[in-house]
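Computed from the coordinates by the stated procedures, all read-outs in this text should not be read as laboratory data. This structure is a prediction, so every number in the text was calculated from the model and none was measured. All Cβ positions, glycine included, derive from the backbone under ideal geometry; neighbour counts span all protein chains shown.
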Amino acid sequence: MPASNANAVVLDGVRLDRGGRVILRDVDLRVARGSITAVLGPSGTGKSTLLAALTGELAPVAGQVQVFGQPVPRSARALLEMRKGIGVLLQGNGLLTDLTAAENVALPLRTHARLPEPVLQRLVAMKLNAVGLRDVAGLYPRELSGGMARRVALARALALDPPLMLYDEPLTGLDPIASGVITSLIRRLSRSLGLTSIIVSHHVRETLPIADQAVVVANGGIVFDGTPAQLEASEDPLLRQFLRGEPDGPIPFEGNPRAGASTPVEAA
Ligand SMILES: Nc1ncnc2c1ncn2[C@@H]1O[C@H](COP(=O)(O)OP(=O)(O)OP(=O)(O)O)[C@@H](O)[C@H]1O
Ligand SMILES: [Mg+2]
């Protein structure tokens, strides 16, 4: 982990295939250390696939993926080691239903660190405290609201103090208030702990305000990479369509009979 490396994540000429199909090609991406990057784009375009390349779950067919200056390894043992440095919050939370909130948060600590039980319990309490859930330690996931469960999952992802956090659709299924709680938590944790955060989301309006960098994935690659302000100001028809959530335009999607048709998009 050379300190001189200003980027937490670097992708160069990356191609990612799934099920024998090219999902993303020619992906060049830099994510600065300590920054928050929003990865946006229509459904099924490869946003989760991009995250899978960062965790080493999916090896690129071409190009290079580096995390903290190191190429993402291929051997299972080296991958396990690298993943200790990456916290992942999955869309479905992934909480184990037969464990309490505290036991869920303790899980990565038990798996990866050998700590005396009182130290472990203290760490778990600190993580739950960090997401504002001091009082739910003994509750089971079914006893939590969706927003609370998401925060427990966030505490679990933070358990090992990973310098890189990946969030895949962290706002899905949450009401606007719970969404606001999660986005402000993500921002606060990123800033106070100096984390590098990558947020994959459909929720453009909620995610852009906390992002330093915005990346849009569409049509098999990265179609935009810049600041949120540059994205908002873009006059590109595809980006305008996506930002406004319009059904007609350059972004084809299933069930749209005009998908792919050269429908004129009103000028910005
Ligand atoms: N394990 C897999 N095997 C084969 N194809 C897959 C697999 N996972 C994803 N795909 C395909 O790869 C493409 C990209 O999927 P991905 O999940 O990365 O999209 P996404 O942008 O995250 O979509 P969403 O916003 O709906 O989560 C899709 O066409 C999907 O069908
Ligand atoms: Mg996805």
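General remarks:
- Each label was represented as a point 7 Å from its Cα along the Cα-to-Cβ direction; for residue 70 and residue 229 these points are 3.7 nm apart.
- This model, with +1 at the C-beta of Lys and Arg and -1 at the C-beta of Asp and Glu, gives segment 49-206 a dipole about its Cα centre of some 380 debye.
- Local electrostatic count, residue 151, Cβ distance below 13 Å [Lys/Arg +1, Asp/Glu -1]: +4
- Value at 222 nm in deg cm²/dmol, rounded to 500, when DSSP H runs of n ≥ 4 in the chain each add -39,500 (n - 2.57): -10000 deg cm²/dmol
- Considering only 140, 54, 181, the residue lying farthest towards the positive end of the dipole of the chain is 140, judged by Cα position with unit charges set on Cβ.
- Projected label distance in nm at residue 122 and residue 28, using a 7 Å step from Cα toward the beta-carbon: 4.9
- Cβ-Cβ distance of residue 191 and residue 236, R₀ of 22 Å, FRET efficiency by 1/(1 + (r/R0)^6): the value works out to about 0.10.
- Dipole check for the chain: with +1 at the C-beta of Lys and Arg, -1 at the C-beta of Asp and Glu, and the Cα centre as origin, the magnitude is about 860 Debye.
- The tail of the calculated P(r) for the chain, taken as Cα-Cα distances beyond 25 Å, holds 48 percent of the pairs.
- Spherically averaged projected area in nm², based on the convex hull that wraps the Cα atoms of segment 108-176: 5.4
- Label point distance in nm, residue 161-residue 177, each placed 7 Å from Cα along Cα→Cβ: 3.5
- Taken about its Cα centre, segment 3-102 carries a charge dipole of roughly 80 debye when the Cβ of each Lys and Arg holds +1 and the Cβ of each Asp and Glu holds -1.
- Distance from segment 178-197 to segment 121-172 (C-alpha centre basis), Å: 12
- Vicinal HN-Hα couplings computed from phi for segment 18-27 (Karplus, 6.51 cos²θ - 1.76 cosθ + 1.60; Hz; Gly/Pro x): 9, x, x, 10, 6, 9, 9, 9, 6, 7
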